[in-house]
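We did not get these values from a lab; they are worked out from the coordinates using the rules stated. Predicted model only: the values in this text are computed from it and were never measured. Here the Cβ positions follow ideal geometry from the backbone for every residue, glycine too, while neighbour counts run over all protein chains shown.
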Ligand SMILES: C[S@@+](CC[C@H](N)C(=O)[O-])C[C@H]1O[C@@H](n2cnc3c(N)ncnc32)[C@H](O)[C@@H]1O
């Protein structure tokens, strides 16, 4: 069965999960009994041949997904038989994984910053490196009153920040309406939907009215994890990481050494009468100098630094445009 082509459609439910065949669960074909141990060993071999590192761990995780059981339960009872009715589902998931469909996409969700996010083929799978951006944002003092997240995808950045800032408002944009539907579902699941508004469109353009109406006062920050892989090197990336073939290409690639959208966004921010206090952008380490120089050229007095992720790679460009004026303290009687 071929994996569904990436094509924007109104059907937001078209996740990989929904591609699991209707006959999954039926027992109308002959098979020899198979224990969990055998299933894992056989799958690990197939996954290894498909080029996956950690093929045993992958096979275990895949079996947990196929059986909807805890990994611990599977590992403590490897002698259990894989129920016949689950064999078609198991075979189907294994086939998709050997075709390098990401495990998170098969599961339909992914953990990010200790929260669970629904994802599908219209959204990027949130990456652990992006948690660095959250950690840097959370150090900003005083706490911002609002966050604007550009290219929100499944909403993981905006939602994680709003969970930590219970009094803040959020505004999130994405060019993909299908991704925004997923983000809205996630916002509801994490009970921030009343404080987080979504806008479809490119970069800051859909927020024109928010900016004009003065909804964003002066204590706000801008976050973005926009596509930053160099579109000229797409073949190289896909060869080395075939999982990328199953994620939306417009969530991954950009022109101008991957920086085109960031250049545009920063130019737009420079036009604002009421700019953010800080801008946090996720980048690729080799882009550091180019984007830093560009930002410093626009804001010569800004404090600009590049922060590393847990692997020690430069990952987040932080642009501090200004410190907010001292908060007015309530008058005290003498
Ligand atoms: C790298 S993904 C990041 C998604 C999410 N922020 C995360 O960290 O997992 C980039 C996102 O930017 C969106 N995007 C691409 N071009 C855009 C544009 N011109 N304006 C707004 N969003 C855009 C894509 O649809 C995608 O959801």
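Wrap a convex hull around the Cα atoms of the stretch 108-320, take a quarter of its surface area, and give that in square nanometres. Don't jump to the answer; show the numbers that get you there.
Values: hull surface 43.5 nm².
About 10.9 nm², averaged over all directions.
Please report, in Å, the Rg and the Dmax of the stretch 31-113, where both are computed over Cα atoms only.
Rg, Dmax (Cα atoms, Å): 12.1, 42.
Quick one, what does Rg over Rh come out to for the stretch 84-158 if you take C-alpha atoms and the Kirkwood Rh? The partial results should precede the final answer.
Details: Rg = 16.6 Å, Rh = 14.6 Å.
On the Cα set of the stretch 84-158, Rg over Rh gives 1.14.
Nearest 500 deg cm²/dmol is fine: what mean residue ellipticity at 222 nm does the chain get from its DSSP H runs of n ≥ 4 alone, each adding -39,500 (n - 2.57), divided by its residue count?
Helix contribution divided over all residues of the chain: -10000 deg cm²/dmol.
Hey, fewest Cβ within 10 Å first, where do 52, 204 land in order?
Neighbour counts put them in this order, fewest first: 52, 204.
Could you list the square roots of 5 times each eigenvalue of the Cα gyration tensor of the stretch 61-206, that is, the equivalent ellipsoid semi-axes, sorted largest first and rounded to whole Å?
Equivalent-ellipsoid dimensions as semi-axes: 35, 17, 12 Å.
Can you sort 136, 74 by how many other beta carbons sit within 10 Å, fewest first?
Ranked by crowding around the Cβ, least crowded first: 136, 74.
Computed FRET efficiency, Cβ-Cβ of residue 267 and residue 240, R0 45 Å: what is it to the nearest 0.05? Mind dumping the intermediate values first?
Working: r = 32 Å, r/R0 = 0.71.
My answer for the efficiency is 0.90.
If we count other beta carbons within 10 Å of each Cβ, what is the order of 156, 241, fewest first?
Ordered by Cβ neighbours within 10 Å, fewest first: 241, 156.
Computed over the Cα atoms, what is the radius of gyration of the stretch 224-269 divided by 2.2 N^0.38 Å, N being its residue count?
1.19
Can you give the Rg/Rh ratio of the stretch 169-210, where Rg is from the C-alpha atoms and Rh is the Kirkwood radius?
Value, to two decimals: 0.97.
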